[in-house]
Amino acid sequence: MTLDMNVMAFWQNKLKAIGPRLTATDSHAKFIELLQDEIKNLGFNTIEFPFKINRCP
């Protein structure tokens, strides 16, 4: 397997556009959606397990 710098730059830019992906933030949710979409594009199914995050004020 070879390292394709163009592919790496593409993904770096996608992640940079989402911004910091701190737990339970909108950016975190966007990152999860991105991962789900990519997994589905590979032909796999995804399953979500709902849970609630209690954050300290």
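Sparse packing (at most 12 other Cβ atoms within 10 Å of the Cβ) combined with a DSSP loop state is found for the following GluC sites (Glu not before Pro) in the chain: Glu48. When you filter the chymotrypsin sites (Phe, Trp or Tyr not before Pro) in the chain for DSSP loop state and at most 15 other Cβ atoms inside 10 Å of their Cβ, you are left with Phe44, Phe51.
Test of the criteria: in the chain, which trypsin sites (Lys or Arg not before Pro) are in a DSSP loop and have at most 14 other Cβ atoms within 10 angstrom of their Cβ? Working shown, then result.
On the way: sites: Lys14, Lys16, Arg21, Lys30, Lys40, Lys52, Arg55; in loops: Arg21, Lys52, Arg55.
For trypsin sites (Lys or Arg not before Pro) across the chain that sit outside H, G, I, E and B with at most 14 neighbouring Cβ atoms in 10 Å, the list reads Lys52, Arg55.
Placing +1 on the Cβ of every Lys and Arg and -1 on the Cβ of every Asp and Glu, with nothing else charged, gives the chain a dipole about its Cα centre of roughly 240 debye. For the chain, the longest principal axis of the Cα atoms and the long axis of helix 26-41 meet at an angle of about 50 degrees. Which stretch or stretches of the stretch 14-57 have amide N atoms under 19 Å from the point lying 7 Å from Leu3's Cα along the Cα→Cβ direction? Flagged as within label range: 14-16. Candidate cross-link partners of Lys52 among the lysines, defined by an alpha-carbon separation under 24 Å and a same-chain spacing of 8 or more, comprise Lys30.
The numbers here are math on the coordinates, done by the rules we state, and not lab data. Values in this document were obtained by computation on a predicted structure and should not be read as measured data. Cβ: placed from backbone, ideal geometry, glycine included. Neighbour counts: every protein chain shown.
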